[in-house]
1. Might you work out the accessible area of residue 77 for me, using a 1.4 Å probe with all protein chains in place, and round it to the nearest 10 Å²?
2. Per 0.36 nm of contour for each residue apart, how much would the distance between residue 80 and residue 403 grow if the chain were fully extended, relative to their Cα-Cα spacing?
3. If you count, for each residue, the other Cβ atoms within 10 Å and average over each peptide, how do 482-495, 391-404 line up from highest to lowest?
4. Calculate for the chain the 222 nm mean residue ellipticity that helices alone would give, adding -39,500 (n - 2.57) per DSSP H run of length 4 or more and normalising by residue count, nearest 500 deg cm²/dmol.
5. If you average the sequence gap of Cα pairs under 8 Å that are 6 or more apart and divide by the length of segment 67-195, what percent do you get for the contact order?
6. For segment 209-272, would you read off the P(r) tail past 16 Å as a percentage of all alpha carbon pairs?
7. Given just the C-alpha atoms of segment 35-98, how large is their convex hull per residue in cubic angstrom?
8. Please compute the Cα-Cα pair-distance distribution of segment 81-151 with 10 Å bins starting at 0, giving whole percents from short to long.
Amino acid sequence: MSDMDATSSGQIVTSGTWWQKAVVYQIYPRSFQDSDGDGIGDLKGIIQRLEYLTWLGTDTLWLSPVYPSPMRDFGYDVADYTGIDSRFGSLEDFDNLLERAHTLGLRLVLDVIPNHTSDEHPWFTASRQSRSNPQRDWYIWRDPGPDGGPPNNWRSVTGGSAWSFDERTGQYYLHSFLPFEPDLNWRNAEVRAALLDTFRFWLRRGVDGLRVDMVDFLIKDAQFRDEPNPDYTFAEARRHLNQPDIADPIREIRRLSDAYPERVIIGEVNPDLDVVQIAAYYGKGDLLQQPFNFGLLKLPFEAATLRAYISAYEQALPQGAWPNYTLGNHDTPRLATRLGQDGARLAALLLLTLRGTPYLYCGDELGLENVSIGVEQTQDPWEQREPGRGRDPNRTPLPWDGTPGAGFTTGEPWLPVGDENTRRNVESQQQDSGSLLMLYRDLLTIRRCSPALELGDLKLRGGTREVLIYERTLGNHRMLVVLNLSAIPQQVTPPHKPGGWQSVFSTRTGAKSGAVETVTLSPQEGVLLS
Ligand code: NOJ
């Protein structure tokens, strides 16, 4: 691969918006901090722990849903878009959280879920009453197919048909996710207006951005035609999602957000989508500011694979579009479980030095691993539908210290903290300069002081099957990142630079200094040079 085809395609960014420079920390509210002993994290608990985010060096908090909900999908099944579930607190607690965050210099991005509601949302309760109900068309109802079965061959993300039959009115309703999460009909103008109103409610309250759940599913084929390939992956879907006119509602959402100063719209697109499909969601700069890029969650952690992916992603991005990378979230097995503890250190260096906004999932900075959850403790309904796909193991509470309840709760945690994870707690890692937590903190300090890392161009520099090398440049500022992704030691001669390279950081030994002519890397070691 030549250096030419590996260079970032964006315009040169020199000052950047807050969300381009942001390092985002995702809080899964149930598992962050419980303040009242019921074993479930809450807003008051988040307020108590907010300084942890600034201590770590992150500056933006993405809050997963806290709306009133039957909690069958733990808040992604919304029963009221403009309230707070009493298990999490009150609107007043939310306002306090927002105010405290802003006082600390943190931005807050709120999860919004416009593709579906809970089946207990009053809109759906009305809609399912009768075929003639005024809100019937707010959801997607269809007659059975000719054989009496579902109207078409669309699949739910969680397995099985995307349609469920409702006895009362003899029609099927569409649910792209779980059966108790009926899809709203975004082709209906009243639905659009109602949803935009709910977004306005939160933007007015002062949230700095919205993370839009399943945004690529909002618009479906108007004729509900079968997917041509019945075994389609979501990247191959032609009718169910990713429709050409998906740009219309997204443009409306963006216009609304742009009416408020300095807001950002981040969108969750299906993890199956390829880089070209992801890139389309930037539009001409008028759609999402950040369609999530989940490449690092799926790809084998190998130098050649990552190099090809980074290159393809950079090339696919429209002019001026800002990239982003995610290493973990509440839907994916834990980073340290996927890559091991050494791999997690290397991945931290990768995430925090690539060009783009990094998204960090709470607990990955501690190297938390999946906790094995017994059948009787299972909470996530996806596990029942597709055993092994449940997300409980990666949603366990954050261990703050080594006490019973791990400093998370004085009660019985909703999911077990896990003995291994309790040992990896915040307090103990804060006292160990070699811990993963301190590695994150050190790297975040370096990043904050480096214009090249925050905003610079990215150029892939040669490398081998085992070693990934890239350079970040902004004006005279240059940083070189060298990652040995293999299990054997490697030696690398960095590209020529007048004045030579200086060591800055190693994932094995921490901060370093001194001139470097040849880089010698232990297995799974990464270094940063300037
Ligand atoms: C994606 C969210 O990240 C996931 O947790 C949720 O269950 C589904 N969308 C449905 O809202």
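1. 0
2. That pair, residue 80 and residue 403, stretches by 112.6 nm at full extension.
3. Working: 482-495: 17.7, 391-404: 20.8.
So the order, starting with the most tightly packed, is 391-404, 482-495.
4. On the way: 15 runs with 142 residues, N = 530.
So the calculated ellipticity at 222 nm is -7500 deg cm²/dmol.
5. Numbers: 206 pairs, mean separation 26.0, N = 129.
Relative CO of segment 67-195 lands at 20 percent.
6. The proportion of pairs with Cα distances above 16 Å equals 51 percent.
7. Working: hull volume 6.1 nm³, N = 64.
It is 95 Å³ per residue.
8. 15, 30, 24, 17, 10, 3, 0
The values are calculated or read from the model by the stated rules, or taken from the named source; none is laboratory data. Because the structure is predicted, anything quoted here is derived from the model rather than measured. Note that each Cβ is placed from the backbone with ideal geometry, even for glycine, and that neighbours are counted across all protein chains shown. Please note that ligands, DNA and RNA were not included when accessible areas were found on the heavy atoms of the full protein model with its side chains. Shrake-Rupley method; radii C 1.70, N 1.55, O 1.52, S 1.80 Å.
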